[in-house]
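What follows is a single structure, written as structure tokens, with notes after it.
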Amino acid sequence: EALGESENKFCILVETAATAIFLYRDTFITVNRATEELTGHAADALRSISFYDQIDPEFRGLIGRQCDALSRGEGEATHCELKLITKKGDERWIDFTSSIIDYQGKPCGLGTAFDITDRRQAQRTLVESEERLRLLIENVRDYELYMLDPEGRIVIWNLGAEKYKGYNVEEI
């Protein structure tokens, strides 16, 4: 009775988790709701779909090698960021972890994934914005623009500062 109650609590925890949690070999063995939401496939459909087919082709070799090494008892658990292809064909970046466990007497992967697509997009937008700002500052010729760090060292020196102060960026 205690074991059944413990198993029920564990099932509720896994099913209500926002992180995708799944067991897989060549296909998915079992998945939680978050896995269905992330992939766009129902649990029944996932049981007949190749796990590797859900991974963007750019990352399949890496994940395949890591999983093969784990199944031979080599290496450590996998943790990486990769792209997943949804049922609709959309690319979603995920934070992926995988370990090999014994399930019904055979090795299988225990995977987790959560969607980091929005974070990756925000990072890319920030990098692009910083690059545009850097180009703007560096190429202003009519005004001196420079910045000092807390120790008083120059960290930004533009063409205008070079023009009016007479020192190029390497010299300053």
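Report the normalised scattering of the chain as log10 I(q)/I(0) at q = 0.13, 0.18, 0.19 Å⁻¹, calculated by the Debye formula with identical scatterers on the alpha carbons.
-0.72, -1.11, -1.21
For Lys87, which aspartates and glutamates qualify as cross-link partners when the Cα separation must be under 13 Å and same-chain residues fewer than eight apart are set aside?
Glu36, Glu37, Asp53, Asp56
Rounded, prolate or oblate: pick one for segment 48-120, where a ≥ b ≥ c are the square roots of the eigenvalues of its C-alpha gyration tensor, a/c under 1.5 means rounded, and failing that, prolate if a/b is larger than b/c, else oblate.
prolate
Can you work out the FRET efficiency for the pair Gln123 and Ile156, with r the C-beta to C-beta distance and R0 = 22 Å, to the nearest 0.05?
That pair, Gln123 with Ile156, gives E of 0.50.
With a 1.4 Å probe and all protein chains left in place, how much of the accessible area of the chain comes from carbon and sulfur atoms, in whole percent?
Summing carbon and sulfur atoms, their accessible area is 53 percent of the total for the chain.
Which FRET efficiency value, to the nearest 0.05, is calculated for Arg65 and Leu133 with the Förster distance at 41 angstrom and r the Cβ-Cβ distance?
Calculated transfer efficiency: 0.55.
For the full complex of protein chains and a 1.4 angstrom probe, list Lys165, Lys83 by accessible area with the highest value first.
Sorted descending by solvent-accessible area, the residues read Lys165, Lys83.
Rank Glu128, Glu151, Glu162 by mean-square fluctuation in a GNM of the chain with C-alpha springs under 10 angstrom and give only the top-ranked residue.
Largest GNM mean-square fluctuation: Glu151.
Per-residue accessible area for Leu126 at 1.4 Å probe radius, Å² rounded to 10?
100
Which of Tyr52, Tyr103, Tyr24 moves most in a GNM of the chain, Cα contacts under 10 Å?
Comparing Tyr52, Tyr103, Tyr24 in the GNM, the peak value goes to Tyr103.
Given a 10 angstrom Cα cut-off, can you work out which residue in Val31, Val127, Val140 is the most mobile in a GNM of the chain?
Its mean-square fluctuation being the largest, the pick is Val140.
As a test of reading the structure, rank Ser48, Ser98 by solvent-accessible area (1.4 Å probe, protein chains only), most first.
Ser48, Ser98
Give me the extension gain from Tyr167 to Glu7: residue separation times 0.36 nm, minus the current Cα-Cα distance, reported in nm with one decimal.
Roughly 50.5 nm would be gained on extension.
Take Ala77, project a point 7 Å from its Cα along the Cβ direction, then tell me which residues of segment 97-115 have their backbone nitrogen under 12 Å from it.
Backbone N within reach: 97-101, 110-113.
If I ignore ligands, DNA and RNA and count only protein heavy atoms, how much of Ser129 is accessible to a 1.4 Å probe, in Å² to the nearest 10?
50
State, to one decimal in nm, how far the label point of Asp95 lies from the label point of Glu15, with both points 7 Å from Cα in the Cβ direction.
Here the modelled spin labels are 2.6 nm apart.
Quote to one decimal, in nm, the extra length available between Asp44 and Leu23 on full extension: 0.36 nm per residue of separation minus the C-alpha distance between them.
6.2 nm
The values are calculated or read from the model by the stated rules, or taken from the named source; none is laboratory data. Please read these numbers as outputs of a predicted model, since none were measured by experiment. Methodologically, a virtual Cβ is constructed for each residue, glycine included, from the backbone with ideal geometry; neighbour enumeration extends over all protein chains shown. Ligands, DNA and RNA are excluded from the accessible area calculation, which covers all protein heavy atoms including side chains. Shrake-Rupley method; radii C 1.70, N 1.55, O 1.52, S 1.80 Å.
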